There are 2 protein chains.
Amino acid sequence: MARGVERVAIIGLGLIGSSIARAITERMPQVAVTGHDASEEVRGVAHRLGLCDRIADDPAAAVADADLVILAVPVGGMADAAAAIAPGLAAHAIISDVGSSKAGVAAALAKALPDHVIIPAHPVAGTENSGPAAGFATLFDGRWCILTPGADAPADAIAAVAKFWEALGAKVDVMDAAHHDMVLAVTSHLPHLIAYTIVGTASELEEVTESEVIKYSAGGFRDFTRIAASDPVMWRDVFLANKDAVLATLQRFNEDLTVLQQAIRRGDADKLEDWFTRTRAIRRSIIAEGQDDPAPDFGRKH
Amino acid sequence: MARGVERVAIIGLGLIGSSIARAITERMPQVAVTGHDASEEVRGVAHRLGLCDRIADDPAAAVADADLVILAVPVGGMADAAAAIAPGLAAHAIISDVGSSKAGVAAALAKALPDHVIIPAHPVAGTENSGPAAGFATLFDGRWCILTPGADAPADAIAAVAKFWEALGAKVDVMDAAHHDMVLAVTSHLPHLIAYTIVGTASELEEVTESEVIKYSAGGFRDFTRIAASDPVMWRDVFLANKDAVLATLQRFNEDLTVLQQAIRRGDADKLEDWFTRTRAIRRSIIAEGQDDPAPDFGRKH
């Protein structure tokens, strides 16, 4: 008994929400999309860009009659967004989201919408840009979307959300929310924290000017500035929502950094070379799996 | 009294050496290039690729009659490379290099070649790939090449090396070797150390499989794997050669990381948001300066 998704509502029209809207328009033209954003300015941009079939000023009105509602707001705003749509939800509506941490979001949504089917989701995709103009229809192509349904989630609702993401170009995995939060702490949250840290460090040294940091950034530093340019509010919320897993992986990182620091101080050439040889293999696997561009330097123009 | 550079010898035909050879061939066809690499295999590949006008099996023979000799070997191999070319050097030859750390290299070259003019150089450019087939003629376009001549270096020799790098497409700066080593510790060496660390950390966690790390790497982790795929021997040598500056900047990074770690543990939302907002500006400056691609996600294909 497959559930049909004919009407989708997207709450939050930033990079991810607007990319979903564009991808639906391009790939599922038979599906009606209504969008809403709490910001009047963002709604105006979405309107001008023709992002959805309809832009609603009111969140409850936006979700009326929707089969699938996707909350695409920072994870700290999920509870409020859920409360705001509650009065307008159809009884059969599936509620999903795109948050980068899942256990906390799932609990917030279950509390705000106790009578609805909730299928939390996380498309592992994005760019460093934000806002409704930054989205594009192919953002999810070949990327993974992870669903973290609760133990009592109906199988047909899980299947409907999975089918929806596959239609957007994504590959779908299903896992436990707590495991998701540990995996993403490693593959996404810790890398962002480290990037934010080093970019801050480099811009505040006395010995080296900011102008020098910028000029000579092609030595490696510029790679870190991309994810350190990601949306500040979104990432503030991720670190607060996934605190335990982030702090646990950070501790492991710190241990490893101390080992390498000691190897440098002691001049332990073999340890350094061994370590650097091991890490090289990981990138080859990522490229072989289609999760990064095989072109050198990410395909940057030279 | 400008010195003419009509014959160039390149010792070491990896990514950088082979890129110099290609760029000379394309942009200075009047300049004769002789190449040498200590590896017979690399010499064979260079030969098949037609990288130089001549590939010499013997380093001293390679530099005979050269006006400019560029040592493009790992910084730990500079002293041996200098000793190997010494018997063949013309009296008027300028010796330069492309090492990523400069004070130690300058001292090693001065010791090995006390009677020659030495103009150390560092083109701040590269990719994660290595070897003679990885080079390309446009690698240095718009990138900075930093010269660190000693106080007694002749002005005409400095000018000749500067002109050479500008002809290859680079912009040239001149600075003190010690300052170079501090600047590059921040913009290149620390980023590589951090990337090598986190890629090692992620691949050795018990809670998360390597397969999961690879699958979900588009969340940010994959950005770090690029520079963690850089040449292990080259980077081993850089950390050993620039130990003091690397350890000093690492200490500053560790302080900042502790501050952010505490902000996460305490739930200090304002501190996190403030920090993440500051770092966003740096990337805009790097793009405005032409030091990175303005396209989202480094211009990766989506």
### Single condition residue B:76 does not satisfy, out of (1) within 14 Å of chain A (Cβ to nearest Cβ); (2) surrounded by fewer than 19 Cβ atoms within 10 Å (Cβ to Cβ); (3) not aliphatic (A, V, I, L, M)
(2)
### Query
Quick one: which helices (runs of 4 or more DSSP H) sit completely within segment A:183-302 and have at least 2 residues that are of a type outside the set (S, T, N, Q) and more than 8 Å from chain B (Cβ to nearest Cβ)?
A:232-241, A:243-266, A:269-288
### Task
Check off (1) within 30 Å of residue A:16 (Cβ to Cβ); (2) assigned by TED's automatic domain parsing to the domain that holds residue A:183; (3) surrounded by fewer than 21 Cβ atoms within 10 Å (Cβ to Cβ); (4) charged (D, E, K, R) for residue A:256 and give me the number that stays unchecked.
(1)
### Query
Here are some residues: A:103, A:137, A:108. Which one is in contact with a Leu (Cβ under 9 Å, 6 or more places away or on another chain), at pLDDT 95 or above, aliphatic (A, V, I, L, M) and buried (at least 17 other Cβ atoms within 10 Å of the Cβ)?
A:137
### Task
Return yes or no: is residue A:223 of a type in the set (D, E, K, R) and surrounded by fewer than 21 Cβ atoms within 10 Å (Cβ to Cβ)?
no
### Message
Being surrounded by fewer than 22 Cβ atoms within 10 Å (Cβ to Cβ), touching a residue at least 40 places away in the same chain (Cβ under 8 Å), out of contact with any strand residue (DSSP E or B) (no Cβ under 7 Å at 6 or more places or on another chain) and not in a strand (DSSP E or B) is the requirement here; does residue A:5 meet it?
### Response
no
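Among the candidates A:285, A:211, A:217, A:203, single out the residue that is among the polar types (S, T, N, Q) and closer than 19 Å to residue B:217 by Cβ. Quick ask: steps written out before the conclusion?
Values: A:211 fails: closer than 19 Å to residue B:217 by Cβ; A:217 fails: closer than 19 Å to residue B:217 by Cβ; A:203 fails: closer than 19 Å to residue B:217 by Cβ.
Sole residue among the options that is among the polar types (S, T, N, Q) and closer than 19 Å to residue B:217 by Cβ: A:285.
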### Task
Look through segment B:47-62, keep the residues that are surrounded by fewer than 19 Cβ atoms within 10 Å (Cβ to Cβ) and not acidic (Asp, Glu), and return whichever of them is nearest to residue B:31 (Cα to Cα).
B:54
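Among the helices (runs of 4 or more DSSP H) confined wholly to segment B:37-154, which include 3 or more residues that are in contact with a strand residue (DSSP E or B) (Cβ under 9 Å, 6 or more places away or on another chain), without any contact (Cβ under 8 Å) to a residue 60 or more places away in the chain and more than 21 Å from residue B:236 (Cα to Cα)? Give the steps one after another, and end with the answer.
Working: elements: B:40-49, B:59-63, B:78-85, B:103-112.
Passing ranges, in order: B:40-49, B:59-63.
Being buried (at least 21 other Cβ atoms within 10 Å of the Cβ), out of contact with any Pro (no Cβ under 7 Å at 6 or more places or on another chain) and of a type in the set (Ser, Thr, Tyr) is the requirement here; does residue B:187 meet it?
Details: buried (at least 21 other Cβ atoms within 10 Å of the Cβ): yes; out of contact with any Pro (no Cβ under 7 Å at 6 or more places or on another chain): yes; of a type in the set (Ser, Thr, Tyr): yes.
In short, yes.
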### Query
Is at least one residue of segment B:268-275 in contact with a Phe, Trp or Tyr (Cβ under 9 Å, 6 or more places away or on another chain) and not aliphatic (A, V, I, L, M)?
yes
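Has segment B:269-284 got any residue that is of a type outside the set (Gly, Ala, Ser), under 30 Å from residue B:105 (Cα atoms) and under 23 Å from the mean Cα position of the chain (by Cα)?
Here is the first cut: in segment B:269-284, the residues of a type outside the set (Gly, Ala, Ser) are B:270-280, B:282-284.
With the extra rule that they be under 30 Å from residue B:105 (Cα atoms), the set shrinks to none.
No, the conditions are met nowhere in segment B:269-284.
May I ask you to verify whether residue A:209 is outside the structural domain of residue A:92 (by TED's automatic domain parsing) and of a type in the set (Ser, Thr, Tyr)? If you could, list the steps in order and put the result at the bottom.
Values: outside the structural domain of residue A:92 (by TED's automatic domain parsing): yes; of a type in the set (Ser, Thr, Tyr): yes.
Here the answer is yes, as residue A:209 does meet what is asked.
Does residue B:213 satisfy being touching a residue at least 24 places away in the same chain (Cβ under 8 Å) and in contact with a Ser or Thr (Cβ under 9 Å, 6 or more places away or on another chain)?
Values: touching a residue at least 24 places away in the same chain (Cβ under 8 Å): no; in contact with a Ser or Thr (Cβ under 9 Å, 6 or more places away or on another chain): yes.
No: the conditions fail for residue B:213.
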### Task
Please work out which residue is farthest from the other protein chains (Cβ to nearest Cβ), limiting yourself to segment A:166-182 and to residues that are on the phi < 0 side of the Ramachandran plot and in contact (Cβ under 8 Å) with a residue 60 or more places away in the chain.
A:167
### Task
For residue B:159, indicate whether it is outside any strand (DSSP E or B), closer than 23 Å to residue B:72 by Cβ and more than 7 Å from chain A (Cβ to nearest Cβ).
yes
### Message
Would you confirm whether or not segment B:166-175 contains a residue that is assigned to a helix (DSSP H, G or I), in the same structural domain as residue B:78 (by TED's automatic domain parsing), of a type in the set (A, V, I, L, M, F, W, C) and under 30 Å from residue B:31 (Cβ atoms)?
### Response
yes
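Here are B:81, B:86: which of them is over 22 Å from the mean Cα position of the chain (by Cα) and more than 20 Å from residue B:243 (Cβ to Cβ)? Walk me through it before giving the result.
Numbers: B:81 fails: over 22 Å from the mean Cα position of the chain (by Cα).
After ruling out the rest, the residue left standing is B:86.
The values are calculated or read from the model by the stated rules, or taken from the named source; none is laboratory data. Small disclaimer: the values here were computed from a predicted structure and weren't measured. Neighbour counts are summed over all protein chains in view; Cβ atoms, including those assigned to glycine, are modelled from backbone coordinates with ideal geometry.
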